[in-house]
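> Pasting a structure here, questions to come.
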Amino acid sequence: MKRNSQTRLPMLLAVATVSSTALAQVSTMYVTDGTGSVGYTHMLQGGSEIGAYQWTGPAQIPIWVGPTVRQAYYIASGGPGMEYTLGGVATGYGNNWNNGGIQAYDAASDGKNVFMVDWGSGQVKSWGLNYEGPGNVLFNASQYDLGITYDSKRNEIWTSNWITGNLEEWSMNGTLLSVTGTGGNLVGALGYDAADDSLWMKDNSRNAMLQFSAGTHAYLNSYGYQTYVLGGEFGTSVTPEPTSMAALGLGVVALLKRRKK
């Protein structure tokens, strides 16, 4: 059964500040900035930007985070994506997402699959952990859903809608469980923080990062953030693939050699 929760936020939310870092991001959130160019991934924690790195190529907006950060090329025509360390160093382990003609701006993972939602149709599909495979259809969400994240506590998927600003909760078979109004629109960069069971997203219409409870759906917090971001995710615990592990191992060896000099 669907539950509706329309949240009314203060008119000055876009310029609100975090009163306590305990209410800001507990884990590190990675958000992507740059639709048509070689953009940046920004790292947010505690209500502040703690770092950023530039991409190896353009349009690497969809993002999921495990032991490494994996980003794909969002445009339907396809292009190269890349894996980065959690600190933003390219590992050289790339990907060419077989998107089947869809256009997606965000990604999520349960540690076994990558989930993405087609901006035009709202269709949710799954791929392998490096965006490989033809893409298996899971269910149809809402048209113009842009943000997507996986809720590891409930084994559910959440989406955020670019037009309505709604936060939508879905079972893995596509049952709409709840709809929560965020009070804005142009909402993307949706991520689930398992550390405190909350959802973070960017309201680009008011230049604000918003936090909602995944359990009660209540609005919790917000702070001003000017950067225009579309993809977003917190870390997921998952065992990296052998190729990825080898790339990381080479990086560690190189670092140790430099330290010995």
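> Within 10 Å of each residue's Cβ, count the other Cβ atoms and sort 222, 77 from fewest upward. Show your work: numbers first, answer last.
On the way: 222 29, 77 9.
Ranking 222, 77 by Cβ neighbours within 10 Å, fewest first, gives 77, 222.
> Can I ask one more? Under 5 Å between amide hydrogens, which residues at least 5 positions from residue 156 or on another chain qualify, with H placed 1.01 Å from N in the peptide plane?
Hits under the 5 Å cutoff: 151.
> If packing is taken as the average count of other Cβ atoms within 10 Å, what order do 30-42, 184-196, 132-144 fall into, highest mean first?
Details: 30-42: 19.6, 184-196: 22.2, 132-144: 15.6.
Highest to lowest by the protection proxy: 184-196, 30-42, 132-144.
> Need one word for the stretch 28-260: rounded, prolate or oblate. Basis is the Cα gyration tensor (sqrt eigenvalues a ≥ b ≥ c); a/c below 1.5 gives rounded, then a/b vs b/c decides. It would help to have the intermediate numbers written out before the result.
Values: a/c = 1.61, a/b = 1.36, b/c = 1.19.
It is prolate, given that a/c is not under 1.5 and a/b is the larger ratio.
> OK, next. Could you order the peptides 225-232, 50-57 from most to least packed, using the average number of other C-beta atoms within 10 Å per residue? Could the numbers behind the result be given before it?
Working: 225-232: 23.0, 50-57: 15.6.
Top of the packing list down: 225-232, 50-57.
> How would the stretch 142-214 be classified by its alpha-carbon gyration tensor: rounded, prolate or oblate, with rounded meaning a/c under 1.5 and the a/b versus b/c comparison settling the rest?
Values: a/c = 2.11, a/b = 1.26, b/c = 1.67.
In terms of gyration-tensor shape, oblate.
> Something else: How many nm is it between the label spots at residue 154 and residue 76, if each spot is 7 Å from the Cα in line with the beta carbon?
3.1 nm
> Then there is this: Quick check: pseudo-label points 7 Å beyond the Cα along Cα→Cβ at residue 228 and residue 48, how many nm apart are they?
2.8 nm
> What length, rounded to one decimal in nm, is gained on full extension from residue 140 through to residue 163, with 0.36 nm per residue of separation minus their alpha-carbon distance?
Details: separation 23, 0.36 × 23 = 8.28 nm, distance 1.68 nm.
Net length gain for the segment: 6.6 nm.
> State whether the stretch 121-245 is rounded, prolate or oblate according to the following rule on the C-alpha gyration tensor (a ≥ b ≥ c being the square roots of its eigenvalues): a/c under 1.5 gives rounded; otherwise a/b larger than b/c gives prolate, and the remaining case gives oblate.
It is prolate, given that a/c is not under 1.5 and a/b is the larger ratio.
> To continue, here is another question. Taking the Cα centre of each part, how many Å lie between the stretch 26-55 and the stretch 80-133?
That distance is 17 Å.
> Right, next: Return the sequence-ordered ³J(HN,Hα) values of the stretch 117-132 in whole Hz as given by the Karplus equation 6.51 cos²θ - 1.76 cosθ + 1.60 applied to θ = phi - 60°, using x for Gly and Pro.
Karplus-based 3J(HN,Hα) across the stretch 117-132 equals 10, 6, 4, x, 10, x, 6, 9, 10, 10, 10, x, 5, 10, 6, 8 Hz.
> Now for a separate question. Less than 12 Å apart at the alpha-carbon level, and either on another chain or at least 8 residues along: which aspartates and glutamates does that give for residue 153?
Here the aspartates and glutamates satisfying the reach criterion relative to residue 153 are 110, 193, 196, 197.
> Now a separate question. Hey, could you pull the Cα Rg and Dmax for the stretch 34-136, both in Å?
Rg and Dmax of the stretch 34-136, Cα atoms, are 13.0, 38 Å.
Read the figures in this text as sums done on the coordinates, not as results from a lab. Remember, predicted model here, so these are calculated numbers, not experimental data. Cβ: placed from backbone, ideal geometry, glycine included. Neighbour counts: every protein chain shown.
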